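Chemist: Before I ask anything, let me first share the structure, which is written out below as structure tokens.
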Amino acid sequence: MLKKLFITAALPILTAASLPETGPVPPMKPTAQAQAEAPKTTEKTPEAPSSGKADITEHQKPEDPQALSACLDQLTRQGVGFRKLDRQDGPGACGIEQPVELSEPAKGLVIEPPAILRCQTAAAIVDWTREMLLPAARRAYPETQPVRLANASSYVCRNRNSAETGKVSEHAKGNALDLARIDFADGQSLTLQPRDKGSDFAAAFLHSMTASACLYFTTVLSPGSDATHQDHLHLDILERKSGYRYCR
């Protein structure tokens with residue numbers, strides 16, 4: 001009798017708790033024909049050069065307005081061939097806030113193509129060219145003079161050595177210039193490539209260039225210094241602690 005009463009009392013509860021006859025219907029999967037007819041997207045969003053963990057916030061510091069103004073005034077007083085450009089924006093740490101295009105660091109000597117750089121980098125190139133490169137060239141090549149510097153790379157958004165990962169290149173901040181060749185007024189050309197020390201005037205001139213450059217730039221990588229610098233001279237103004245310089 002008690003068992004019968006218990007079943008009778010529980011029946012409404014079980015009925016009320018029963019699942020609904022219909023539930024949420026999952027969306028239908030597209031048919032093979034619909035998948036084949038759907039447009040395919042192949043475009044990819046451009047990505048900034050991959051950088052190491054320490055470089056995620058390695059953005060170029062804003063230039064000091066007074067220092068920039070003094071730099072531009074200096075280039076003007078020196079009679080340098082240059083012009084100011086609009087801001088160069090790039091993904092990640094790439095970009096130059098106040099770039100200049102350097103075309104003639106000294107009278108009669110051009111950079112081709114013109115180099116896009118920070119003013120501070122351009123000023124270092126001008127001073128080194130006038131105070132060291134041209135006097136050394138007059139000693140090594142007394143019958144002629146340099147008229148053209150071949151620009152292999154100035155501003156470009158990439159990692160160091162164009163690697164897939166790692167630190168962002170100083171080129172990506174307008175702090176670096178690569179020179180590949182020097183052309184002379186008489187038609188001669190000096191390709192910047194590894195040379196034996198002191199084997200001839202060309203070698204002596206090249207070594208004087210690279211040695212003197214370390215007085216003006218914080219990084220100097222001469223031709224042959226490593227696997228990625230076999231055919232050009234790399235110059236940059238990367239700031240390091242305690243004024244440390246890296247010259248090879």
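Chemist: Can you compute 3J(HN,Hα) from phi for each residue in region 126-137, using the Karplus curve 6.51 cos²θ - 1.76 cosθ + 1.60 with θ = phi - 60°, rounded to whole Hz and x for Gly and Pro?
Modeler: Couplings: 4, 5, 4, 4, 6, 8, 10, 5, 5, x, 5, 5 Hz.
Chemist: If you look for lysine pairs in region 62-247 that are eight or more places apart or on different chains, how many of them have Cα atoms under 20 Å apart?
Modeler: 4
Chemist: Whole-Hz ³J(HN,Hα) for each residue in region 73-88, computed from phi via Karplus 6.51 cos²θ - 1.76 cosθ + 1.60 with θ = phi - 60°, x for glycine and proline: what do you get?
Modeler: Once rounded to whole Hz, the list reads 5, 4, 4, 5, 4, 7, x, 6, x, 7, 8, 7, 10, 5, 3, 9.
Chemist: Tell me, what are the semi-axes, in whole angstrom and largest first, of the equivalent ellipsoid of region 62-247 as set by the roots of 5 times the Cα gyration tensor eigenvalues?
Modeler: Taking √(5λ) for each Cα gyration eigenvalue gives 26, 20, 14 Å.
Chemist: Report, by chain and number, residues whose modeled amide H sits under 5 Å from the one on Asn159, excluding near sequence neighbours (fewer than 5 apart, same chain).
Modeler: Those qualifying (amide H under 5 Å, at least 5 residues apart or on another chain) are Ser169.
Read-outs throughout are calculated quantities, based only on the coordinates presented, and are distinct from any laboratory measurement. No experiment lies behind these values; they were computed from the predicted model shown.
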